[in-house]
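Taking it in order: structure first as structure tokens, then the write-up.
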Amino acid sequence: MHHPEAPASEAVGPEALVAKLRATFATGRTRPPAWREEQLTQLRSLFTEHREDIADALYADLHKPRTEAYTAEVDFPVREIDHTLAHLEEWLRPQPLAPGALAGLPEGSTAGTQYEPLGTVLIIAPWNYPVQLLLVPLVGALAAGNTAVLKPSEVTPATSELIARLIPEYLDTDAVAVVEGGVPETTALLAQRYDHIFYTGNGAVGRIVMRAAAEHLTPVTLELGGKSPVFVDRDVDVAAVATRLAEAKFRNAGQTCVAPDYVLTDPDTAPALARELRTAVERVFGADPKSSQTYGRIVNERHFDRVFALLGSGTTAFGGQSDRDDVYIAPTVLTDVKPDEPVMQEEIFGPVLPIVNVDGLDEAIAFINDRDKPLALYGFTENETTRQHLAAETSSGGLGFGLPMAHLRVPELPFGGVGESGVGNYHGPHSIATFSHRKARLDVPLG
Ligand code: NAD
């Protein structure tokens, strides 16, 4: 229907939007390194000039403590931008093959690989780190010379609205667009053709994304989740392990894709670990985490109900308090948890840590291999042979010894899953690889 009275500012539909971004890409404007660097620098300014606004939005949506908001959703992306700007030229440099690799071709032949941008990409983000997980992929997309559609999570509306307002103020509006909305809007976006789709979220929607992408033979990156196990060996300093474990598990109220999901340890270590976890939680969040400035909330009532239902498994070592009106669940540790109990059937994504007893390393490895390949696997052990066994005999997106969740802070390490925990990876140079085509080139002299 024709609406002559429609205001000029009315949002364009997904088809026209993607056509506009494609047209921009076709002009070649996004290819020169200077354009990419300028966009990244602008994105950096967005973060530094709106640090407080970002923290306010995250507090409104998630009660995210300010220190966590700064660290994970401002400083982390800024570091990724700085690292990318410092290395972009080096990462984009064509890679020549050694002349010895060209045996049989005419004298003077050369060959190598070079990256080229893909075109227009779609980035879909979840609610748990709604800024980082939308804009760190964008760093890679821009650094690789693409145009991009961003779809923030509707579950965190204040953050979504802030990003939708700020992006056009800082970035090339013909090259980057934000589309807000939930399932209908994302479904409409997914009907368009892109040159890459980068999705972070749960595996059920990951399948919807991959199906939509298949229609157009569009490659995908799927950053999914799952139950990330922790193996605690009997030889460790339990107090030190508990501190690191508590900090990783209860940050963002447990709503972190790489958070330790559950612990596997022997029956002698389990009670001591539970005791030390309690001490660590009191040290970090005080005797009443509910009144702590550094403890978060569950994102909404739907997720509260889901996590609340998991509190009944095993024996509550400490925690277990909750308040639905405040979407609060206390840091909770469950002991003597059996593998068939509810808390062990799905990714917890909340502040509940079950401890499952196993009889040593072999049983732990068998337990891990009986389940979906996790996004992360963590180990605490003083024993090098134990580390070798865990590394060689299990499969996971990432493997971290000694400090859970720290591997994703190393930008030269690829971050991503395997099997049920995802497809592809990113961060640093790996983002360039994800958002580029690596073209083979052979030059043979004439005559
Ligand atoms: P979510 O509910 O915000 O959904 C993610 C995105 O999918 C949103 O943008 C949403 O609009 C879109 N979406 C939802 N339903 C859809 C549908 N039917 N069709 C099309 N799009 C749809 O977030 P979530 O999935 O609850 O996020 C939590 C999950 O994400 C956990 O499993 C977690 O482990 C995983 N996660 C993974 C990473 C990682 O980097 N690997 C990071 C964070 C979270």
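Observations
- Taken together, the residues in region 133-152 that are surrounded by fewer than 24 Cβ atoms within 10 Å (Cβ to Cβ), within 9 Å of the ligand (Cβ to nearest atom) and in contact (Cβ under 8 Å) with a residue 40 or more places away in the chain amount to 0.
- Qualifying positions in region 47-56 - open to solvent by 10 Å² or more (accessible area, probe 1.4 Å) and in a helix (DSSP H, G or I): 48, 49, 51, 52, 53, 56
- Residues of region 341-394 classified as assigned to a loop (DSSP other than H, G, I, E, B), within 16 Å of the ligand (Cβ to nearest atom) and either among the acidic types (Asp, Glu) or out of contact with any Gly (no Cβ under 7 Å at 6 or more places or on another chain) (or both), total: 5
- Pairing each residue of region 164-189 that is closer than 21 Å to residue 215 by Cα and of a type in the set (Ser, Thr, Tyr) with any residue that is open to solvent by less than 30 Å² (accessible area, probe 1.4 Å) and modelled with pLDDT of 95 or more, provided the two are 6+ apart or on different chains, yields C-beta distances under 6 Å for 186/151.
- Test: residue in region 358-370 that is within 25 Å of the chain's Cα centre (by Cα) and open to solvent by 30 Å² or more (accessible area, probe 1.4 Å): yes
- Only one entry in 337, 284, 333 is assigned to a loop (DSSP other than H, G, I, E, B), of a type in the set (A, V, I, L, M) and away from the ligand (no atom under 16 Å from the Cβ), namely 337.
- Note on region 188-206: residues that are over 14 Å from residue 153 (Cβ atoms) and either small (Gly, Ala, Ser) or near the ligand (Cβ under 8 Å from one of its atoms) (or both) amount to 6.
- Lone qualifier among 390, 403, 413 - being more than 23 Å from residue 236 (Cβ to Cβ) and hydrophobic (A, V, I, L, M, F, W, C): 413
- Selection of region 371-390 for residues being under 20 Å from residue 240 (Cβ atoms) and either open to solvent by 50 Å² or more (accessible area, probe 1.4 Å) or among the small types (Gly, Ala, Ser) (or both) yields 376, 379, 382, 383, 384, 387.
- In region 359-389, the qualifying residues are those that are out of contact with any helix residue (DSSP H, G or I) (no Cβ under 7 Å at 6 or more places or on another chain) and β-branched (Val, Ile, Thr), and the one that is nearest to residue 416 (Cα to Cα) is 368.
- Residues of region 412-428 satisfying the condition of being open to solvent by 30 Å² or more (accessible area, probe 1.4 Å) and touching a residue at least 40 places away in the same chain (Cβ under 8 Å): 418, 419, 420, 423, 424, 425
- For region 175-192, the criterion of being out of contact with any helix residue (DSSP H, G or I) (no Cβ under 6 Å at 6 or more places or on another chain) and either closer than 17 Å to residue 424 by Cβ or modelled with pLDDT under 95 (or both) is met by no residue.
- Residue 44 open to solvent by 90 Å² or more (accessible area, probe 1.4 Å), of a type in the set (D, E, K, R) and assigned to a helix (DSSP H, G or I): no
- The set of residues in region 245-295 that are open to solvent by 60 Å² or more (accessible area, probe 1.4 Å) and of a type in the set (S, T, N, Q) comprises 279, 291, 293.
- Residues being open to solvent by 50 Å² or more (accessible area, probe 1.4 Å) and farther than 23 Å from residue 33 by Cβ - total across region 103-127: 6
- Residues in region 8-41 that are among the charged types (D, E, K, R) and surrounded by fewer than 19 Cβ atoms within 10 Å (Cβ to Cβ): 10, 15, 20, 22, 29, 31, 37, 38.
- Taken over region 287-306, residues that are in contact with a Pro (Cβ under 7 Å, 6 or more places away or on another chain) and away from the ligand (no atom under 16 Å from the Cβ) amount to 4.
- Test: residue 438 is modelled with pLDDT of 95 or more and open to solvent by 30 Å² or more (accessible area, probe 1.4 Å): yes
- Being over 16 Å from the mean Cα position of the chain (by Cα) and within 12 Å of the ligand (Cβ to nearest atom) is a description that does not apply to residue 164.
- Looking across 215, 223, 185, 169, one residue alone is surrounded by fewer than 16 Cβ atoms within 10 Å (Cβ to Cβ) and within 11 Å of the ligand (Cβ to nearest atom). It is 185.
The values are calculated or read from the model by the stated rules, or taken from the named source; none is laboratory data. Everything quoted here is computed from the prediction, not taken from an experiment. A quick note on method: Cβ atoms are made from the backbone with ideal geometry, for glycine too, and the neighbour counts reach across all protein chains shown. What goes into the accessible areas is simple: the full protein's heavy atoms, side chains included, and nothing from ligands, DNA or RNA. Shrake-Rupley method; radii C 1.70, N 1.55, O 1.52, S 1.80 Å.
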